[in-house]
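All remarks here apply to the structure that follows.
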Amino acid sequence: MGVRQVRTRRWTRAEYDRLIALGLLHEDKGVELVGGELVCEEPQAARHAAAVLLVAEALRRAFGPGWQVRIQMPIALGSDSEPEPDVAVVEGGPGDFFDTHPTGAALVVEVAISSLGFDREEKASLYAQSGVPDSWILDVDGRRMEVRRNPRIDREAPSGWRHGAVQELGPDDQIFPLSARGAAIGVAALLPGPR
C-alpha cells in the first residue's frame, strides 16, 4: 500500500468572510484565518482570560481617547489572513469599523499558554509582514513579555517577514507602547495570579 497524498486547500479572506456570512463558520466558534489556513483556537483557561482582560484594561488607560482596544476581534491583514489577536489597538472609535474590519493595528498582543510556539512563529511573522510596528507576546507560564518591533524581510520566516528587534521583559520591567507616547505599563500588572 502506497503513501496517501493529502491535499489541502488555502482560503482567501473573501472566501473566509463568505463562509461566515453563509453560516458555515460561526463567528463565536474560535476559528481564524492565518496565512490562508483555517486555525481553530484552543479553549481558554481562566488565567488566559484573566490575562487578556488585564492587558486590555492597561492598554485602554495607556492609549486613551482616539484609540480602540479590541479583544479577540478580527483584523483584516492582506488577502489571506483575518486573525483575531487576543488584544489589538487600532486608531479610531467603534463606529469606524461598522462595515469592515480594521486593516492594521498599532499594537497586537497575544496571550500565550499553550499557543506560545504558534504565536512566536506564524502569528508574529504574519504581524511583521502586515507592518504591525509593535507586537507583544505575554507568556503567562514563563511570567514574561516578549516585545517584537522593527518588521523586516526574512525569507526563512513563515510569512517571509520577522520583527528585527525582540526584547524579553520580566515582571519587574516596564513596557512603553510605541504609539502611546509617554505611557508605561508594568509587566507584572499584566500577569494573572500572585504578584
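May I ask you to sort 119, 96, 80, 172 by Cβ crowding, counting other Cβ atoms within 10 Å and putting the fewest first?
Listed from fewest to most nearby Cβ atoms, that is 172, 96, 80, 119.
Taking a ≥ b ≥ c as the square roots of the eigenvalues of the Cα gyration tensor of the range 81-167, is the shape rounded (a/c under 1.5), prolate (a/b larger than b/c) or oblate?
Here the range 81-167 falls in the oblate category.
Cut-off is 10 Å between beta-carbons; in what order do 70, 155, 47, 10 appear when sorted fewest neighbours first?
The fewest-first ordering by Cβ neighbours comes to 155, 10, 47, 70.
Hull surface divided by four, with the convex hull built on the Cα atoms of the chain: how many nm²?
Over every viewing direction, the Cα hull of the chain projects on average to 13.1 nm².
Compare the Cα positions of 62, 166, 126 along the charge dipole of the chain (+1 at Cβ of Lys, Arg; -1 at Cβ of Asp, Glu; about the Cα centre) and return the one farthest towards the positive end.
166
Fewest Cβ neighbours within 10 Å first, please rank 73, 145 accordingly.
Final ranking by Cβ density, sparse to dense: 73, 145.
So if I place +1 on the C-beta of Lys and Arg and -1 on the C-beta of Asp and Glu, and nothing else carries charge, what would the dipole magnitude of the chain be about its Cα centre? I want it in debye, nearest 20.
Computed about the Cα centre, the dipole is about 260 debye.
Every number here is computed from the coordinates shown, using simple stated rules; none is lab data. None of the values given here were measured: they were computed from a predicted structure. Please note: Cβ atoms are built from the backbone with ideal geometry, for glycine as well, and neighbour counts cover all protein chains shown.
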